[in-house]
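Heads up: the structure comes next, in structure tokens.
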Amino acid sequence: MTAVAIGRRERKKLAARESILEETTVLLNSGGVAGTTIDAICDGCDIAKKTFYNYYRSKHELLLDICQSRLLDQLALTIDEAVAASSGLGERIDYIFSEVARRNAHAGLLERELVEYMVGNLSLNPNQGAGQLTLMTSYYQN
């Protein structure tokens, strides 16, 4: 398999997007969702607001992207572990719930803020909430 080289412009776009995600994570860790503003994100990344909006339509969209990448990807790994560890559905579900409970017991401010935000927004935005629920359901259909 040959690695595909990406151009300078694409590398810069990826770096800017990663910078936004990293800065947002830092701000969420210190001030939570309410204390994280687009202005603070832009200041921390040293980008203009227009640049932010090239990547995300809103703070909400950015937070959902972080929720999906951190929480749902973590859940997907847990489900994969459950499938590998046992063959019965009951055992898999027990494994998933016990692992989620263990992680929740040790969760930091960031994870708690993201879970609260994601759960709260499942009911506020039916279209995105339905998409998130569909994604979570697909993980369970292995």
Exercise for the section: Could you please put Asp39, Asp65, Asp46 in sequence from largest to smallest accessible area, using a 1.4 Å probe? Expected result: Asp46, Asp39, Asp65
Problem - Net charge contributed by nearby residues that have their C-beta within less than 14 Å of Leu110 (K/R +1, D/E -1) - result: -2
Problem - Percent carbon-and-sulfur accessible area, region 48-96, ignoring ligands, DNA and RNA, probe 1.4 Å - result: 52
Completion exercise
To the nearest 0.05, the calculated FRET efficiency linking Thr25 and Ala105 through their beta-carbon distance, R0 being 30 Å, is 0.90
Fill in the blank from the handout: Per the rule of 0.36 nm per residue minus the C-alpha distance, extending Ala5 to Ala34 adds in nm 6.5 nm
Completion exercise
Heavy-atom accessible area per residue of region 1-69, all protein chains kept, 1.4 Å probe, expressed in Å², is 64
Problem - For region 1-110, projected area of the alpha-carbon convex hull averaged over all directions, nm² - result: 9.9
Exercise for the section: Between His60 and Glu18, take the C-beta separation as r, use R0 = 30 Å, and let me know the FRET efficiency to the nearest 0.05. Expected result: 0.90
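The values are calculated or read from the model by the stated rules, or taken from the named source; none is laboratory data. Predicted model, so just to flag it, every value in this text is computed and none were measured. With ideal geometry, Cβ positions are generated from the backbone for all residues, glycine too; neighbour counts draw on all protein chains shown. Accessible surface areas use protein heavy atoms only, side chains included; no ligands, DNA or RNA. Shrake-Rupley method; radii C 1.70, N 1.55, O 1.52, S 1.80 Å.
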